[in-house]
Ligand SMILES: Cc1ncc(COP(=O)(O)O)c(C=O)c1O
């Protein structure tokens, strides 16, 4: 990112911290409290999760999304078992093998065009059940919203969860952008996650206004009693936990998650509305805060001089334009104007 004046559409991770969240961190910076999560801020943050998701949950704060995924999965699985996830998933593509290395498990990828997987695909991985020569599938992991900006409907999640439970599998949701999905569906987290039957969620918030920090939620108490030990072994147990957990207090209690996610989603939709007449190919449905499009190769570099974004597929010239809670309408308009100019 050499030119500091470029408009950033590379990732929602490039956005800053919501002022209320920053304030919550500053407010937590008073005096001395117990470490490792035995502090009042962490207890209040857990209560905020319980208000939203119900009493019967376990909440573990961790510092990043890969750590949340790896710790959640470690807690649900034995080393001779396997995790099924979309080939396009962050787990497979963007965690440098941490899930395989840390859990010691096999990860089975199923093909996906839009980031989602189906019950049929999961079914086809369930072969040689009980055969000690084959890793036994124990967890299905889906991403909500997906890496391609698509969103599982509640019915789709429920169908996968029901299938998992009928087959003694657990359903894990990588929710790095869970707020964007909830905002897009117009539902709460309880309806989307607990009521559909998910067993565990990596509840992301860093991309949507936190400085850093995610939460692992397990539905049901003591279902995965080893999770706290895995969090420590996976180096995700922050000693000054209050600064992670305090961020979630206003984030949840003051609906910052919703305001931010709705705004980011709206910016992506606004761009799509204004740009859909242009001679570019949109490759995915625009459901949350990201747009995938194939651009004529000759305009990519000139566009990148003013806008910072990733080329997602170098072979097809597909780019990813990601909008955040800090993207402005003006920035979206500038992008459309620049595209119009370059495409003339
Ligand atoms: C789908 C998904 N899962 C998890 C993560 C978390 O990754 P990190 O370890 O970089 O916080 C990301 C971040 O890009 C993501 O997009």
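Quick note: the coordinates plus some simple rules give every number you see, no bench work behind them. Predicted model only: the values in this text are computed from it and were never measured. Neighbour counts are summed over all protein chains in view; Cβ atoms, including those assigned to glycine, are modelled from backbone coordinates with ideal geometry.
Structure notes:
- Within the chain, helix-based [θ] at 222 nm, where runs of 4 or more DSSP H residues each add -39,500 (n - 2.57), nearest 500: -12000 deg cm²/dmol
- Computed from label points 7 Å out along Cα-Cβ, the spacing between residue 123 and residue 106 is 2.1 nm.
- Listed by Cβ neighbour count within 10 Å, with the fewest neighbours leading, 21, 119 appear as 119, 21.
- Order of 27, 254, 132 - criterion: other Cβ atoms within 10 Å of each residue's Cβ, fewest first: 132, 27, 254
- Burial ordering of 96, 164, fewest other beta-carbon atoms within 10 Å first: 96, 164
- One decimal place: the segment residue 26-residue 190 gains 56.1 nm when fully extended, by the rule 0.36 nm per residue minus the C-alpha distance.
- 16 Å reach of a label modelled at residue 133, 7 Å along Cα-to-Cβ, counting backbone N of the range 107-127: 127
- Part-to-part distance (alpha-carbon centres) for the range 120-198 and the range 224-267, which is given in Å: 21
- Structure remark: mean-square fluctuation, Gaussian network model of the chain, C-alpha springs under 10 Å; the largest value among 148, 308, 38 belongs to 38.
- For the pair residue 310 and residue 222 in one chain, pulling the backbone fully straight at 0.36 nm per residue adds 27.5 nm over the alpha carbon distance.
- Cα-projected label distance for residue 6 with residue 255, points at 7 Å along beta-carbon direction, nm: 3.7
- Under the simplified labelling scheme, the residue 333-residue 273 pair shows an inter-label distance of 1.4 nm, with each label point 7 Å from Cα along Cα→Cβ.
- Pairwise FRET efficiency - residue 211 versus residue 340, Cβ, R0 = 30 Å, nearest 0.05: 0.25
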